[in-house]
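S.K.: Once you've had a glance at the structure underneath, I'll fire off some questions.
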Amino acid sequence: MIYRIVKAIPAIALGFAMTTGLQAEEAKPRIPEVCVVNGDKFAERKNSPITVSHNGESIVVCCKKCSKKFEKDPEKYIKLYKEALAKESKAS
Ligand SMILES: [Zn+2]
């Protein structure tokens, strides 16, 4: 019985963390598992992700090269980014 109670506490804490995370989402867009421009895994890259914006919408790409590509066709990559995030939330 006691074990069950102890197990429930981190779950509640996680719930709070997720709620606060949502509020920060507007300023900092979610990072998908892979860069939508070149398909690199963010976790495997050493440089920090770059946030790029177009018409008030922001996405995260893995490097400067990708941000240049994004600028050439922002709508395409915003669409890909949204699809990637939707897929990831369905999977988890
Ligand atoms: Zn890149």
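S.K.: Taking the stretch 40-50, which residues are more than 9 Å from the ligand (Cβ to nearest atom) and surrounded by fewer than 14 Cβ atoms within 10 Å (Cβ to Cβ)?
M.R.: The answer is 41, 43, 44, 46, 48.
Residue-wise test of (1) of a type outside the set (S, T, N, Q); (2) more than 9 Å from the ligand (Cβ to nearest atom); (3) closer than 13 Å to residue 32 by Cβ; (4) touching a Gly at 6+ places or on another chain (Cβ under 7 Å).
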residue	(1), (2), (3), (4)
52	yes, yes, no, no
56	yes, yes, no, no
63	yes, no, no, no
68	yes, yes, no, no
73	yes, yes, no, no
81	yes, yes, yes, no
84	yes, yes, yes, no
87	yes, yes, yes, no
91	yes, yes, yes, no
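S.K.: Hey, among the residues in the stretch 1-39 that are farther than 19 Å from residue 79 by Cβ and part of a loop (DSSP other than H, G, I, E, B), which one's modelled with the highest pLDDT? Break it down stepwise before answering.
M.R.: Our first condition is that a residue be farther than 19 Å from residue 79 by Cβ; within the stretch 1-39, this holds for 1-24, 26-28.
From the residues that got through so far, the ones that are part of a loop (DSSP other than H, G, I, E, B) too are 1, 26-28.
Numbers: 1: 62, 26: 54, 27: 65, 28: 80.
Going through the qualifying residues, I end up with 28.
The values are calculated or read from the model by the stated rules, or taken from the named source; none is laboratory data. From a predicted model like this one, the values you see are computed outputs, not experimental measurements. So basically every Cβ, Gly included, is an ideal-geometry build from the backbone, and we count neighbours across all protein chains shown.
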